Amino acid sequence: MRILVTGGAGYIGSHTLLELLGEQHDICVLDNYSNSSPEALSRVRLLTNADFLDVKADIRDDNALMNIFQDFQPEAVIHFAGLKAVGESGKVPLTYYENNIRGSLSLLKAMETVGCRRIVFSSSATVYGEPQYLPYDEAHPCAPTNPYGRTKYFVEEILKDWATSSFKNSAVLLRYFNPAGAHSSGSIGEDPNGIPNNLMPFISQVAVGKRDQLNVFGGDYDTRDGTGLRDYIHVSDLASAHMAAVNYSAAHTGVEAFNIGTGKGATVLEVVKAFEEASALRIPYVISPRRSGDIAASVADPKKAQELLGWKAKLTLNNMCQSAWKWQSQNLEGYGNPPEN
Ligand code: NAD
Ligand code: UD1
């Protein structure tokens, strides 16, 4: 299949390319490198010994999109491109709405011009907001609590309208839980800009000595050890969910949302312990005040993805920590190049 991958140079996109190229799909990556490096694509080429098109472009640039769609004529789009920092989204909400919502609209319009009918969208468990019950199933009400989460929710709603506007359209909404880890080779991984917001990259940087200690945000949550509990999902499992979603979209029209998680939660201290085992290092930490906006626990009910997509997470928290450590220790400065703006 000819598949256009927006944001393909990013953390999840680059891992997904390995899966797609492994299945011999024809790929065109579209990325503006605002939060990534072309080096990630070079490493994907080395790992797969396969080639693909890549175009530096912004999803908000209608002319550039039109040219790419006319030239490549994709049969499906996997749409990763977007901004993803929750804290930043509260400071510059319009930038988030512009990038994530207007960008998605431009993409859908370009798809229409060439009759491209299938899209797999990177949504997030953050669309659910404060849990009314756990594990979250896909019928849990959506009430995102920050602008980033609202961009994901609004794009989901737009995609529902688009998918129901023609019986030929197909949209698959993947609600990722907490992606973590790296490819087993250690040559591609997560390369956050500045101080990491997320737990695993922060721990990795403590492990290599770039940060002194981990601040554990809150030790008094209603969880088994008082620290926040999340459903961490290996990025390679996440990548294979995209393969399953593309196949599903080829066989089904309409719109469907899927939780992409393991169904198991780990606390912050359990992640620290697993990372210590994987790296044979001690991770210094202090219990700090809760981070504003955090919830105590978030866990997926992944049954629907198993039943309809035939996809199930296979890798463990230990695999996530081992691969994150391999990536970080082999690439102290990530991909090395500061992202272009
Ligand atoms: P990432 O930042 O590594 O990848 C996003 C990519 O999109 C980057 O390569 C960036 O340069 C590109 N991009 C951003 N805006 C663009 C634009 N206007 N035009 C073209 N390219 C643009 O992030 P990721 O972790 O790989 O996440 C991928 C998607 O999954 C995002 O939409 C994110 O919101 C969503 N998501 C991520 C997580 C997570 O924890 N990583 C969780 C839930 C959902
Ligand atoms: C965050 C985002 C969420 C996004 C998800 C995956 C917020 C409020 N939510 O979720 O929208 O979908 O990332 O990218 O930012 N922790 C520490 N110390 C740290 C970092 C994190 O103790 O330095 C704790 C957090 O309090 C939480 C757990 O580790 O309990 C996971 O945090 P994080 O990786 O940031 O993910 P989420 O908060 O679940």
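What follows draws every value from the coordinates through simple rules; no lab data is involved. In this text the structure is predicted, and so the values were computed from the model without any measurement. Heads up, the Cβs are rebuilt from the backbone with ideal geometry, glycines too, and the neighbour counts pull from every protein chain shown.
Between ILE119, ALA296, ASN35, the Cα set farthest toward the positive side of the dipole of the chain (charges on each charged residue's Cβ, about the Cα centre) is that of ALA296. Between the helical axis of 62-72 and the dominant principal axis of the chain, each derived from Cα atoms, what acute angle in degrees is found, rounded to the nearest 10? Orientation of helix 62-72: about 70 degrees from the principal axis. The H on the amide N of ARG290, modeled in the peptide plane, is under 5 Å from the matching H of GLY218, each at least 5 residues off or on a different chain.
For the stretch 83-135, the list of GluC sites (Glu not before Pro) that fall in a loop by DSSP and count at most 10 other C-beta atoms within 10 angstrom is empty. Here the chain is treated with +1 on each Lys and Arg Cβ and -1 on each Asp and Glu Cβ, and its dipole about the Cα centre works out to around 280 debye.
Whole-Hz Karplus values for the stretch 30-38 come out as 10, 8, 9, 6, 6, 9, 7, 10, x Hz, taken residue by residue from phi with 6.51 cos²θ - 1.76 cosθ + 1.60 and θ = phi - 60°; glycine and proline positions read x.
Annotation: lysines with alpha-carbon distance below 20 angstrom to LYS210 (same-chain offsets under eight excluded): LYS273, LYS326.
The angle between the Cα long axis of helix 235-251 and the main principal axis of the chain comes to about 30°, on a 0 to 90 degree scale. By the count of other C-beta atoms within 10 Å, a proxy for reagent exposure, MET200, MET111, MET1 are ordered fewest to most as MET1, MET111, MET200.
For the stretch 43-141, chymotrypsin sites (Phe, Trp or Tyr not before Pro) meeting the loop criterion (DSSP other than H, G, I, E, B) and having at most 11 other Cβ atoms within 10 Å: TYR133. Going from the residue with the fewest nearby Cβ atoms within 10 Å to the one with the most, THR151, THR164 rank THR164, THR151.
Treating the angle as unsigned and between 0 and 90°, give the value, to the nearest 10°, between the Cα long axis of helix 317-330 and the longest Cα principal axis of the chain. Once rounded, one gets 90 degrees.
Do any GluC sites (Glu not before Pro) in the stretch 289-341 lie in a loop, going by DSSP, with at most 15 other beta-carbon atoms within 10 Å of their beta carbon, and if so which?
Numbers: sites: GLU307, GLU333, GLU340; in loops: GLU333, GLU340.
Hits after loop and neighbour filter: GLU333, GLU340.
DSSP beta bridges fully contained in the chain are about 5 percent antiparallel.
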